[in-house]
Amino acid sequence: MSGAKLGPTVPGWSIRALFAAIALAVCGLQAVPAFWLAVAVLLAGVAVAAPRLLTAWFLIGVLSFSVLLAPAGSGGFRALALVAALHALHLCASWMLVVPAAARLQPAALLGSARRFVVIQLPVQALGALVLWMSGAGGPSPVPVLSVVAGAAVAALVVVLAGPMLRRPRP
């Protein structure tokens with residue numbers, strides 16, 4: 001491919017920098033005890049330094065559960081931002097697994113994943129905003145009812161998918 005013009009490129013480590021920036025922003029956004037903040041920052045550092053250890057997904061789990069540590073009534077914008085940020089962390093972590101830090105990367109190669117991110121986040125954020133709005137309205141909160149419905153949906157999904165996945169031949 002001599003003479004082929006590839007278009008603009010960025011260094012592969014820029015994905016790691018993006019991951020670190022999102023992770024640190026989420027850590028700053030969450031109002032959690034200092035110990036859990038330190039754990040999250042440490043996990044972010046290890047995830048950037050050694051993506052193959054899959055530490056990024058432990059970080060995503062810690063940040064997900066940090067919602068439970070936040071003071072009551074601190075939801076709203078934080079919850080919606082956390083959903084989008086954790087999805088973005090998952091996406092960046094996946095990219096870090098396949099793009100070496102020393103490589104050159106064409107940003108256009110990431111457009112498909114970025115488009116799917118937006119397509120998924122639009123309805124998720126709209127539904128999240130609707131649930132938050134409904135829970136703030138007067139009267140009994142529908143959030144516990146929605147939680148039960150969501151839990152039942154996840155359980156049904158596991159039951160439906162468990163059979164075919166367990167019957168699948170192993171390589």
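Go through the stretch 35-56 and count every residue that is over 17 Å from the mean Cα position of the chain (by Cα), in contact (Cβ under 8 Å) with a residue 40 or more places away in the chain and surrounded by 12 or more Cβ atoms within 10 Å (Cβ to Cβ).
Adding up the residues that qualify gives 0.
Looking at the stretch 92-116 only, could you name the residues that are touching a helix residue (DSSP H, G or I) at 6+ places or on another chain (Cβ under 6 Å), part of a helix (DSSP H, G or I) and crowded, with 16+ Cβ neighbours inside 10 Å?
Hits for the stretch 92-116 are Cys92, Ala93, Trp95, Met96.
Scanning the stretch 18-34 for residues that are of a type in the set (A, V, I, L, M, F, W, C) and without any contact (Cβ under 8 Å) to a residue 24 or more places away in the chain, which turns out surrounded by the most Cβ atoms within 10 Å (Cβ to Cβ)?
Ranking the candidates gives Leu24 first.
Just wondering, is there one or more residues in the stretch 7-17 that are β-branched (Val, Ile, Thr), farther than 29 Å from Trp133 by Cβ and at pLDDT 90 or above?
Yes, the stretch 7-17 contains a residue that is β-branched (Val, Ile, Thr), farther than 29 Å from Trp133 by Cβ and at pLDDT 90 or above.
Output the number of the condition that Ala79 fails; it satisfies all remaining conditions of (1) at pLDDT below 85; (2) touching a Gly at 6+ places or on another chain (Cβ under 8 Å); (3) surrounded by fewer than 12 Cβ atoms within 10 Å (Cβ to Cβ).
It is condition (3) that Ala79 fails.
The values are calculated or read from the model by the stated rules, or taken from the named source; none is laboratory data. Note that this is a predicted model, so its numbers are computed, not measured. All Cβ positions, even for glycine, are placed from backbone atoms using ideal geometry, and neighbour counts span all protein chains on display.
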